[in-house]
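Trainee: Below is a structure I'd like to ask you about.
The values are calculated or read from the model by the stated rules, or taken from the named source; none is laboratory data. Treat the numbers as computed from the prediction; the structure is a model and nothing was measured. Using ideal geometry, Cβ is built from the backbone for each residue, glycine included, and neighbour counts are taken over all protein chains shown. Quick note on the areas: whole protein, heavy atoms, side chains included, nothing else; ligands and nucleic acids left out. Shrake-Rupley method; radii C 1.70, N 1.55, O 1.52, S 1.80 Å.
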Amino acid sequence: MDPAAEHRQQLRSLRDFLLVYNRMTELCFRHCVCSLNYRLLTGREESCLDSCAARLVRANHRLMSAYVGLVPALLQRRAAEHGAAGPPAAPGPAPGPAAPSLDAPGAGT
């Protein structure tokens with residue numbers, strides 16, 4: 001892979017990570033923080049945020065494990081479909097790694 005393509009892939013991966021991180025923090029914040037009257041989090045808010053983030057990280061890991069397990073089969077199927085047409089096309093960029101799991105803080109638990 002040429003350096004420019006590798007750099008683009010790294011930027012795409014960073015972008016995906018930041019999108020997931022921002023979505024996760026927004027969902028957990030909206031779910032857990034009840035009052036903006038104080039500068040610091042209450043104990044209840046802090047523990048809610050910790051558990052919310054942990055749930056979403058676990059869900060993300062499960063999704064990524066499933067995705068990684070499916071990629072070889074997808075590549076084999078593409079290779080079979082393209083047959084003698086040449087080398088199989090590289091898979092497109094993966095959708096945000098955990099975007100589906102971040103729709104609801106309790107999803108998948």
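Trainee: Is there any pair with a first residue in region 38-63 that is among the hydrophobic types (A, V, I, L, M, F, W, C) and a second that is assigned to a helix (DSSP H, G or I) and open to solvent by 40 Å² or more (accessible area, probe 1.4 Å) whose Cβ atoms are under 6 Å apart and which are 6 or more apart or on different chains, and what are they?
Mentor: Pairs that qualify, where the first residue is among the hydrophobic types (A, V, I, L, M, F, W, C) and the partner is assigned to a helix (DSSP H, G or I) and open to solvent by 40 Å² or more (accessible area, probe 1.4 Å), are Cys52/His31.
Trainee: Given the residues Glu26, Glu81, which is the only one that is assigned to a helix (DSSP H, G or I), acidic (Asp, Glu) and either open to solvent by less than 90 Å² (accessible area, probe 1.4 Å) or modelled with pLDDT of 90 or more (or both)?
Mentor: Every option except Glu26 fails the conditions.
Trainee: For region 30-47, check the following and say yes or no: at least one residue is among the polar types (S, T, N, Q), open to solvent by 70 Å² or more (accessible area, probe 1.4 Å) and not in a helix (DSSP H, G or I).
Mentor: Scanning region 30-47 turns up at least one residue that is among the polar types (S, T, N, Q), open to solvent by 70 Å² or more (accessible area, probe 1.4 Å) and not in a helix (DSSP H, G or I).
Trainee: Any residue in region 1-29 that's of a type in the set (Asp, Glu): show its pairings with residues that are outside any helix (DSSP H, G or I) at Cβ separation under 8 Å, as long as the two are six or more apart or on different chains.
Mentor: From region 1-29, the pairs are Asp16/Pro93; Asp16/Ala94; Asp16/Gly96; Asp16/Pro97.
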